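Heads up: the structure comes next, in structure tokens.
The values are calculated or read from the model by the stated rules, or taken from the named source; none is laboratory data. Computed from a predicted structure; not experimentally measured. When we count neighbours, we look across all protein chains shown, and the Cβ atoms used for this are built from the backbone with ideal geometry, even at glycine.
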Ligand code: BES
Ligand code: ZN
């Protein structure tokens, strides 16, 4: 993705290596068993949760969630159950169904910065019910507690969780590996003025006592457990879809996302029924560190998608697509992350093509391909060629390190390339069967490759080497090529401006889509005079466009060319928006461009940091540390 990802990767690896060493020393002392597979200490092959019932209270005064996690388990005869915990306060643990519980003993193993710690619980070989009474602490990475001033109305506080990849263990004691699937129910008590929603059946309005019940009937992986609490309203889009947002945003959100019903129909027509009944989107406050998160039945989304013209809805198509790729067929380990994200980027593009046409879809894919090429070049140049393989080796590394253009875009282009070779009809048939065959299961890369070879490559005698893509480095030579005339036009326009020409008279921002403007800005290759930038801003208003994608790209070019007039808008943007994808390139450029820009960037960061989620500020802290 970016330079810093690589720096951070190396840094984390060193850090983890030393943690691991410490842990190994300790393991000999007090841990009898804990193979760290799938970034989890849990012993799911011996005992695993099949249903979780949460009985919790959300306490905004103390900023903690407290209560009990009741695990119904299948026990293959073990007398020790191992869970993952990170920064949790475990009060007591009982065995047996609610009402006839017996307290038991437990031990918490050595703490690891990345993984947290194993929680060893003494059980009988016949134990089926394990109840963990706990409370979260200030160290809960998954929780973003927002003071009222950071919400739209400024009147009520807000809380949301982010589970993927391995953060659920910081708000629920759990076997935190995607490999285990379970159903869940929850009783959640919140302050009376607020509404609670989860990745489950949801209320559409507040009730008088602040007590809400939830049910998720389909088995999910732990990273998909999610909760949000705030001043929320609901607006319906169709019988099975709608949006939740803070009241000030609800109408805009409904308008922005009006095409969701069309997207659902398009997706179902291609790859089979939507099996989660309802598809809603929750627009979160600005600190949300991602564009979107595919929590089942309820996608969590950044408010930066609300651009006013529907131009950023491909993120919703992406999260919706995860209802098949990811939530239905799930990566078994974080090394197989591309099975979640690569398939989803491919599927997202198909939804976009179906709803908005091929020309738009191709532009989206081409912008992503440019980014992939840049990322691959950078990884190769910095000796990280191994990270350009689809099958990752994240042992002892943060799964976050795998969140690069490789899993997303190389993964998607593998599927596009195969589609192009065998033809769309056969490929769609294959994918539809794939989703159906493996629904509510988890899959490794190796299992997918075997399935693909058998059901497509060998079946139709196609000349295609899957292993080269999956286990090889870089972008294989047979990768399908995409072109776009509309991109070529904006690229030419950029060149002519760089050579002294002007923008066509009367051209407006709404004349072109977001991706065309991104391609336009990128075509300057980091070089454009301040005069030209001001001229473009006077006509197209990039710097105050309200479109976060365009603003980020424009601000980066602005830092590179010392276009100081953008600073007020850039500062306001950095203080308001917490989405890491935008913050990262801006702070990297500020930190490295000049001494002066670095100082300015640090000052702004000091003001902005309290507004960010830990996922974002941990990344930005590293940028300033690593580039000293
Ligand atoms: N599942 C991811 C978000 C994620 C990945 C969170 C790994 C934590 C760890 C989500 O579906 C996603 O990919 N979001 C993207 C948007 C998408 C259009 C590429 C994002 O947030 O930028
Ligand atoms: Zn995704």
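The combined condition, being away from ligand 1 (no atom under 15 Å from the Cβ) and either at pLDDT below 95 or within 13 Å of the chain's Cα centre (by Cα) (or both), is not fulfilled by residue 357. Could you say whether any residue in the stretch 149-160 is under 18 Å from residue 196 (Cα atoms), within 16 Å of ligand 1 (Cβ to nearest atom), assigned to a strand (DSSP E or B) and out of contact with any helix residue (DSSP H, G or I) (no Cβ under 8 Å at 6 or more places or on another chain)? Yes, the stretch 149-160 contains a residue that is under 18 Å from residue 196 (Cα atoms), within 16 Å of ligand 1 (Cβ to nearest atom), assigned to a strand (DSSP E or B) and out of contact with any helix residue (DSSP H, G or I) (no Cβ under 8 Å at 6 or more places or on another chain). Scanning the stretch 253-271 for residues that are away from ligand 1 (no atom under 16 Å from the Cβ) and touching a strand residue (DSSP E or B) at 6+ places or on another chain (Cβ under 9 Å) gives 253, 254, 258, 261, 264, 271. Within the set 119, 88, the sole residue that is at pLDDT 95 or above and farther than 19 Å from residue 614 by Cα turns out to be 119. Go through the stretch 530-551 and report how many residues are exposed (fewer than 15 other Cβ atoms within 10 Å of the Cβ) and under 27 Å from the mean Cα position of the chain (by Cα). Number of matching residues: 2.
Which of the residues spanning the stretch 318-335 are away from ligand 1 (no atom under 11 Å from the Cβ) and closer than 15 Å to residue 180 by Cα? The answer is 328, 329, 330, 332, 333.
Please determine whether any residue of the stretch 340-351 is within 30 Å of residue 543 (Cα to Cα), touching a residue at least 24 places away in the same chain (Cβ under 8 Å) and more than 10 Å from ligand 1 (Cβ to nearest atom). The answer is yes; a qualifying residue exists.
In the set 615, 623, only one residue is touching a helix residue (DSSP H, G or I) at 6+ places or on another chain (Cβ under 7 Å), within 16 Å of ligand 1 (Cβ to nearest atom) and more than 21 Å from residue 566 (Cα to Cα); that residue is 615. Just give me the residues in the stretch 159-170 being farther than 19 Å from residue 38 by Cβ and buried (at least 24 other Cβ atoms within 10 Å of the Cβ), in sequence order. Selection gives 160, 161.
When 277, 231, 246 are checked against the criterion of being at positive phi and touching a residue at least 24 places away in the same chain (Cβ under 8 Å), a single residue qualifies: 277. Scanning the stretch 293-311 for residues that are within 14 Å of ligand 1 (Cβ to nearest atom) and crowded, with 22+ Cβ neighbours inside 10 Å yields 293, 294, 295, 296, 298, 299, 300, 301, 302, 303, 304, 305. A single entry from 286, 223, 290, 274 fulfils the requirement of being assigned to a helix (DSSP H, G or I) and either surrounded by 18 or more Cβ atoms within 10 Å (Cβ to Cβ) or more than 16 Å from ligand 1 (Cβ to nearest atom) (or both): 223.
Of the residues in the stretch 293-325, how many are part of a loop (DSSP other than H, G, I, E, B), within 15 Å of ligand 2 (Cβ to nearest atom) and over 18 Å from residue 255 (Cα atoms)?
The initial filter retains those residues of the stretch 293-325 that are part of a loop (DSSP other than H, G, I, E, B), namely 294-297, 302, 306-313, 322-324.
Pick out the ones that are also within 15 Å of ligand 2 (Cβ to nearest atom) and you get 294-296, 302, 312-313, 322-324.
If we keep only those that are over 18 Å from residue 255 (Cα atoms) as well, we get 294-296, 322-324.
Here the count works out to 6.
Scanning the stretch 510-529 for residues that are free of Cβ contacts under 8 Å to residues at least 60 places away in the same chain and surrounded by 17 or more Cβ atoms within 10 Å (Cβ to Cβ) turns up 512, 517, 520, 521, 523, 524, 528.
Here's a check for you: in the stretch 249-264, which residue that is free of Cβ contacts under 8 Å to residues at least 60 places away in the same chain and outside any helix (DSSP H, G or I) is nearest to residue 63 (Cα to Cα)? Steps first, answer last, please.
Of the stretch 249-264, the ones free of Cβ contacts under 8 Å to residues at least 60 places away in the same chain are 250-258, 261, 264.
Okay, now just the ones that are also outside any helix (DSSP H, G or I), so 257-258.
Numbers: 257: 32, 258: 35 Å.
So the residue we want is 257.
Checking 349, 420, 384, 331 one by one, the residue that is at negative phi, in contact with a helix residue (DSSP H, G or I) (Cβ under 6 Å, 6 or more places away or on another chain) and surrounded by fewer than 20 Cβ atoms within 10 Å (Cβ to Cβ) is 384 and no other.
Could you name every one of the helices (runs of 4 or more DSSP H) located completely within the stretch 330-445 that has at least 3 residues being farther than 30 Å from residue 219 by Cα and within 16 Å of ligand 2 (Cβ to nearest atom)? It would help to see each step written out before you state the result.
Details: elements: 337-356, 358-381, 411-422, 424-437.
So the answer is 358-381.
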